[in-house]
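Asks: Below: one structure in structure tokens.
The values are calculated or read from the model by the stated rules, or taken from the named source; none is laboratory data. All values reported here derive from a predicted model rather than from experimental measurement. Here the Cβ positions follow ideal geometry from the backbone for every residue, glycine too, while neighbour counts run over all protein chains shown. Only protein heavy atoms, including side chains, enter the accessible area calculation; ligands, DNA and RNA are left aside. Shrake-Rupley method; radii C 1.70, N 1.55, O 1.52, S 1.80 Å.
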2 protein chains.
Amino acid sequence: MQISMHAMSHAVFKQALNQLLHVMEKAIANARARGFDVSVLVAARLAPDMLPFSRQIQLTSDFAKNSMARLAGVEPPKFDDVETTMDELVARVKKTLEYLDTVSASALEGSETRQITIKLRDRTVQFQGLEFLQVWALPNFFFHHVTPYNLLRHNGVDIGKRDFLGR
Amino acid sequence: MQISMHAMSHAVFKQALNQLLHVMEKAIANARARGFDVSVLVAARLAPDMLPFSRQIQLTSDFAKNSMARLAGVEPPKFDDVETTMDELVARVKKTLEYLDTVSASALEGSETRQITIKLRDRTVQFQGLEFLQVWALPNFFFHHVTPYNLLRHNGVDIGKRDFLGR
């Protein structure tokens with residue numbers, strides 16, 4: 001194992017998304033055990049003006065797949081944000097994991113100096129690849145990865161940090 | 001700029017902790033504007049059996065400083081967990097940032113293959129340095145960095161993702 005842009009993106013996203021799947025499975029089982037429809041959790045928010053669980057998962061997926069694609073210098077695959085059920089969100093995460101494995105380590109060679117431009121609603125942000133990973137891709141990914149965990153935990157789902165970490 | 005173990009730990013932690021300070025300052029101002037004592041936020045939890053805001057901040061600090069130290073192969077500095085006010089927690093984060101700057105890039109050279117052993121309450125976890133960073137240091141750090149953000153957001157503090165990211 002050697003440190004590389006690929007090692008610090010692909011392996012990090014992959015481990016985290018696999019744990020996200022595990023946490024989502026526990027949420028499905030917990031809703032069943034407590035006798036309510038899991039769609040309540042899919043629509044849950046931590047504040048009225050925060051994005052719901054479903055949108056958080058779509059964004060976790062987006063920051064993983066889009067970041068890998070941008071580092072590789074290819075067009076990110078477009079996943080339509082159509083998921084409305086927990087099962088559909090699980091499928092979205094699985095599809096994201098499949099995409100990550102199509103981006104090879106060699107595709108990211110030299111990506112630390114790649115110019116990356118992100119178009120936001122109101123502005124454009126530019127980075128070199130390394131800075132993109134340090135201050136954009138990883139923080140954004142974890143922001144949307146930890147928030148659905150917190151949402152489920154706030155709603156009484158029986159998960160702990162070990163479910164999140166997987167070690 | 002080149003990818004290295006130092007670049008993928010020091011710069012990531014530093015940017016995040018500086019944004020955490022910014023978010024904490026907004027929390028202090030928001031409590032003042034809404035006319036309640038900020039200690040309410042310091043003691044806030046997302047669930048009765050989750051750690052409060054204060055402990056989340058101490059752990060964010062711990063995962064940053066301890067991870068850097070372990071990668072450098074030195075004893076992590078011990079910060080006593082005595083903070084009970086928002087001002088004391090701000091000072092803890094500042095002290096953590098100061099420590100991070102004492103760990104040089106050269107001290108982390110070759111740390112991707114360093115054997116790292118973490119003693120937990122009920123078991124011991126072992127990693128090579130790279131895997132430690134990928135699946136332990138970064139996920140744990142962000143877990144405790146995003147959770148206080150979510151705690152404040154849940155309690156109506158006027159923060160958004162841009163405050164978290166800083167870009």
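Asks: Taking chain A as the reference, fit the longest principal axis to its C-alpha atoms, fit the long axis of helix A:10-34 to the helix C-alpha atoms, and give the angle between the two in degrees, 0 to 90, nearest 10.
Replies: The answer is roughly 10 degrees.
Asks: Please name the residues of the range B:1-43 whose accessible area, counted over protein heavy atoms with a 1.4 angstrom probe, falls by no less than 40 Å² between the chain alone and the full protein assembly.
Replies: Going by heavy-atom accessible area, the residues of the range B:1-43 that drop by at least 40 Å² are B:M1, B:I3, B:M8.
Asks: So for chain B, averaging the separation of alpha carbon pairs under 8 Å that are six or more residues apart and normalising by length, what relative contact order in percent results? Intermediate values should be presented prior to the final figure.
Replies: Numbers: 177 pairs, mean separation 58.0, N = 167.
Normalised by residue count, the contact order of chain B is 35 percent.
Asks: What are the nm distances, shortest first, from B:T117 to its equivalents in the other copies, labels at 7 Å along Cα→Cβ?
Replies: Listed shortest first, these distances are 5.3 nm.
Asks: Taking 25 Å as the cut-off for C-alpha to C-alpha distance, list the pairs among B:K65/B:K119; A:K26/A:K94; A:K94/B:K14; A:K119/B:K161; A:K65/B:K119; A:K26/B:K161 that go past it.
Replies: On the way: B:K65/B:K119 16 Å; A:K26/A:K94 16 Å; A:K94/B:K14 32 Å; A:K119/B:K161 16 Å; A:K65/B:K119 34 Å; A:K26/B:K161 27 Å.
Table pairs above 25 Å Cα-Cα are A:K94/B:K14; A:K65/B:K119; A:K26/B:K161.
Asks: Could you state the number of Å between the C-alpha centres of the range B:121-167 and the range A:25-66?
Replies: After rounding, the separation between the Cα centres reads 19 Å.
Asks: Taking a label point 7 Å out from Cα toward Cβ, give me the nm distances from A:E25 to the same spot in the other copies, shortest first, one decimal.
Replies: So the distances to the same position in the other copies read 4.5 nm.
Asks: For the ranges A:60-73, B:146-159, A:116-129, what's the packing order if you count other beta-carbon atoms within 10 Å of each residue, average per peptide, and put the highest first?
Replies: Details: A:60-73: 23.1, B:146-159: 21.2, A:116-129: 12.1.
Sorting A:60-73, B:146-159, A:116-129 by mean packing, highest first, produces A:60-73, B:146-159, A:116-129.
Asks: How shielded is A:103-113 by partner chains, expressed as the average number of their Cβ atoms within 10 Å of its Cβ atoms?
Replies: That average works out to 1.
Asks: For peptide B:133-143, compute the average count of partner chain beta-carbon atoms within 10 Å of each residue's beta-carbon.
Replies: Values: counts 5, 12, 9, 3, 0, 6, 12, 4, 1, 9, 8.
Averaged over the peptide's residues, the number is 6.
Asks: Separate question: What are the nm distances, shortest first, from A:G166 to its equivalents in the other copies, labels at 7 Å along Cα→Cβ?
Replies: 2.8
Asks: Let me ask something else. May I ask for the accessible area buried between chains B and A, both sides summed, probe 1.4 Å, to the nearest 100 Å²? Don't skip to the end; give the middle numbers.
Replies: Details: alone 9250 and 9230 Å², together 14180 Å².
Between B and A, the summed buried area is about 4300 Å².
Asks: Provide the net charge surrounding B:A44, with neighbours chosen by a C-beta distance below 13 Å and charges set as Lys +1, Arg +1, Asp -1, Glu -1.
Replies: Numbers: positive: B:R45, B:R55, B:R153; negative: B:D37.
Neighbour charge sum, excluding B:A44 itself: +2.
Asks: Counting other Cβ atoms within 10 Å of each Cβ, which chymotrypsin sites (Phe, Trp or Tyr not before Pro) in the range B:1-53 have at most 16 and sit in a DSSP loop?
Replies: Values: sites: B:F13, B:F36, B:F53; in loops: B:F36.
Those that pass, being in a loop and sparsely packed, are B:F36.
Asks: Taking the simple approach of a point 7 Å from Cα along Cα-to-Cβ for both A:F79 and A:D49, what is their distance in nm?
Replies: With each label placed 7 Å out from Cα toward Cβ, I get 2.9 nm.
Asks: Another question, then. Can you compute the modelled spin-label distance between A:K26 and A:D101, with each label point 7 Å from Cα toward Cβ, in nm?
Replies: So the label points at A:K26 and A:D101 sit 2.4 nm apart.
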